[in-house]
Structures are given as structure tokens and as C-alpha cells.
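Beneath this line is the structure, given in C-alpha cells, with notes to follow.
The values are calculated or read from the model by the stated rules, or taken from the named source; none is laboratory data. These numbers were taken from a predicted model, which means no experiment stands behind them. Quick reminder, even Gly has a Cβ in these numbers, built from the backbone with ideal geometry, and neighbours come from all protein chains shown.
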Amino acid sequence: MPPLTFTEARALVIDKVLHARRLPDIEFVELDAADGRVLCAPLGADRDYPPFHRSLRDGFAVRAADVPGTLDVIGEVRAGHRFEGTIQPGQSVTIMTGAPVPEGADAVVMLEDASLQETSVTISNPVQPGEHVCARGTEAQAGATVLKSGQVIGYPEMAVLATIGLLKAPVYRRPQVAIITTGDEIRDARESPQEHQIRDSNLWSLACQIRRAGGTPVVFPAARDNVTDIADAIGKGLQTDLLVMSGGVSAGKYDLVENVLKLYGAEFYFDRVQIQPGRPAVFGRAKDTFFFGLPGNPASTMVCFELFARPALELLSGRNSTLLPLTESVLAVDFDHRPGLTRFLPAVLSEDGARITPVPWTSSGDVMALARANVFLVAEPDKPHYAAGERIRVLMR
């Protein structure tokens, strides 16, 4: 099959998953454990919000028809209290931000727009009814949907849950994501490898990416470069909600992952993408489980997960949509790359986001350089040279 651009490949992942996904089971979690979870049902307001006409400023509650003019100040009301009584013509009440607007008043005049005397206040400019007042029910009416099914609970959503008094949130179970790393050279990170061996860094980076995308990593021992070992691992991995493999998907003699997947009746949607690092990325489905075969170099694994596996996992977790965090910045230096592929290369974005500087690296296996970076710059396939000061796309991480 011909290689796809990364936008084509990503769109294909989203389309396939959306049309075939099975939503996870439902569970209820306490409010303090709801952060990052995905709502499985719409939630409604338990009452009007605000539940009263709320003042938006410190000042004076008035009848708009009475100003300009001098009004008697007959009391005070602050947040958490109410004024017992009704404002009559020619009267006003001192009011604080967040306090209920007294009966009879229909506007608030800011403190700095009024001149206070001992028992009266003079207001020189007219005000409109409703000025500096948040009317009852304008944020949400009782019973109205305030959070949607498929919405991820972040800090604004946590505030809504607390506001409506929902202390147990109905959410989808986190998808179980199998991680299989392959290669005779791979050793557990807790071991002391020999000179010709490396510790398994991809396992740990993938587990981190999976948790951040809303999944639960299921870790298997590294599979050696033989059909029996890889087939056993894949068979177990296909029993989870999503299978992510690292290594064994290139064109070498011992790159066996695709052939083993065929033994399980795999359907392949793509096996090459026009990107670097990560060109030999694989996406497909076997035994009703989606899988990704990611190239084994750490940068390839990281980039391909963010571009392709992450949106699949987010949708499998019950989300309604998924976003690729792309932005733009200005290059701090001249930059050149080989044309033909979209390249995702380590870079440092300045604190204000105004400048981006490529990070020197030796190859896509250079995890030290990846740790020095905080983003990936995105070099377009048809633009080999960028001058300092030019804009370039940035993949946030």
C-alpha cells in the first residue's frame, strides 16, 4: 500500500476508530478522583445559575429609572447575605461583588461612578436596566445540560461538578492498553545491560503517554526477535482494548511483527507514513482490537504515538473528539532539513512561545536530546530551508 501523509494517516485512524469503537463500561468515581476521566452521561444543573440576580461589581444597587440623581442609602448587602426589604423610588443599597441584588433594584452602579455622602449617594450618569447584574439563570437554567457525555473532566469541569453538588461522577472505565516492546537487544530498565544491549526506555515513555491520554498501561515482558515469542505476546495483547507495539516493523530480517499479526487475521490500514522519525508506522485491527506497530527508535515511538495512537486511545476512552496540539512559532536560527518527508524534530520553545530553536541530536535514538527539548518542530516536506524569523509549525508535547 502507498505511504500516507501524516494528516491522511491520522484522519484514517480517527475514522476507523469512530466507526468501530466499543465504548468502555461505566463506573462512578469520587470527585477527588474524577480529574482526567471521561463523562459517560450528560449532567444537568440542579438549580438556576446564578440562583439569584448577582452583582458583578462593588457599588450601589439602584433602580435605573432613578438615576442620574441623589438617592438615600438604606442599607448594605454582601456576598452570602441578602437584603431584607425592597428598594423604593429614590433609594439605594450599598452592594458588594457576588451579593444578591435586592428586590426593587434592577442595576448596579460601580463605586467609582458614584459620590457617597453620609446617608446618600449622588450618581451623575444614567445606567441601563441590568447593568453590572448577572441575572438569575443566565449561566444555566435548572435542568439544562452543563456537561456533555464524552467530555473530559479538567479543572473547569471539576468546578462545574462541585457547583452542581455532584460528588460522584459517571465516567467511562479507562481503556486497557497493552505495551509490547520487541528486540533481542532490549533489557529491563532495572537490569545492568551488556555493551551490546540497551535498557527498555520505550516501555516507560509509552506507559507515560498512555496514562496522559486516558488509558491504563498493561505491561508485557519484552518479546525477543522470534515468531514464537512475538506471537505469544501479541495474542495476549489483543485481549486488551488497544495494542501498542514498539520495534519490529521495519524491513529488516528480524522485523517480524507484521508477519505475526497476519497469523491473527490482521487487517492493515497503513504500514508506511511520510514522516521522519516514524516512517514505518503500522495501524490495523485484529480480533476486534486496534493495534499500532511503532518503530523502535525512541523518537519514532514518541512521535507516532502522539500523532496516531493517542487519538485512537482518546476516542476509545469515550471522548467525542480529539485534537492535535499544533501551533506556530518563529525560528530563532536558520534551519535546513532533507525534503520529501514531514519531519518532527526536537526543539525548545521559549517561555513566551515567541521563538523556537532546534535541538542538536545524533539520531531518533537520542533520548538525551529529546529530554533537552520541550516541543517538536514540524518541517514541511516541500520546504528544505527556513530562515531565521520565518514561522514554522510546532507540535506541543
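Exactly one residue among 203, 167 is under 18 Å from residue 37 (Cα atoms) and modelled with pLDDT under 95, and that residue is 167. Taken over the range 132-148, the criterion of being part of a loop (DSSP other than H, G, I, E, B), of a type outside the set (D, E, K, R) and surrounded by fewer than 17 Cβ atoms within 10 Å (Cβ to Cβ) is satisfied by 135, 138, 141, 142, 143, 144.
All conditions but one from (1) in a loop (DSSP other than H, G, I, E, B); (2) touching a residue at least 40 places away in the same chain (Cβ under 8 Å); (3) among the basic types (Lys, Arg) apply to residue 190; the one that does not is (2). Could you say whether any residue in the range 51-66 is touching a residue at least 12 places away in the same chain (Cβ under 8 Å), in a loop (DSSP other than H, G, I, E, B) and touching a Pro at 6+ places or on another chain (Cβ under 6 Å)? Among the residues of the range 51-66, at least one is touching a residue at least 12 places away in the same chain (Cβ under 8 Å), in a loop (DSSP other than H, G, I, E, B) and touching a Pro at 6+ places or on another chain (Cβ under 6 Å), which makes the answer yes. The residues in the range 296-306 that are surrounded by fewer than 24 Cβ atoms within 10 Å (Cβ to Cβ), part of a helix (DSSP H, G or I) and in contact with a Gly (Cβ under 9 Å, 6 or more places away or on another chain) can be counted, and the count is 1.
With respect to (1) part of a loop (DSSP other than H, G, I, E, B); (2) in contact with a helix residue (DSSP H, G or I) (Cβ under 7 Å, 6 or more places away or on another chain); (3) of a type outside the set (Lys, Arg), the lone exception for residue 230 is condition (1). Filter the range 73-108 for residues that are touching a residue at least 40 places away in the same chain (Cβ under 8 Å) and in contact with an Asp or Glu (Cβ under 8 Å, 6 or more places away or on another chain); which is nearest to residue 51 (Cα to Cα)? Among those residues, the one meeting the criterion is 97.
Conditions (1) farther than 28 Å from residue 385 by Cβ; (2) out of contact with any Leu (no Cβ under 7 Å at 6 or more places or on another chain), marked per residue:
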{"site": "291", "(1), (2)": "yes, no"}
{"site": "304", "(1), (2)": "no, no"}
{"site": "312", "(1), (2)": "yes, no"}
{"site": "321", "(1), (2)": "yes, yes"}
{"site": "329", "(1), (2)": "no, no"}
{"site": "336", "(1), (2)": "no, yes"}
{"site": "347", "(1), (2)": "no, no"}
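In the range 320-341 there is at least one residue matching the filter, namely being surrounded by fewer than 19 Cβ atoms within 10 Å (Cβ to Cβ), within 17 Å of residue 4 (Cβ to Cβ) and over 20 Å from the mean Cα position of the chain (by Cα). Return yes or no: is residue 18 in a loop (DSSP other than H, G, I, E, B), touching a residue at least 24 places away in the same chain (Cβ under 8 Å) and touching a helix residue (DSSP H, G or I) at 6+ places or on another chain (Cβ under 9 Å)? No.
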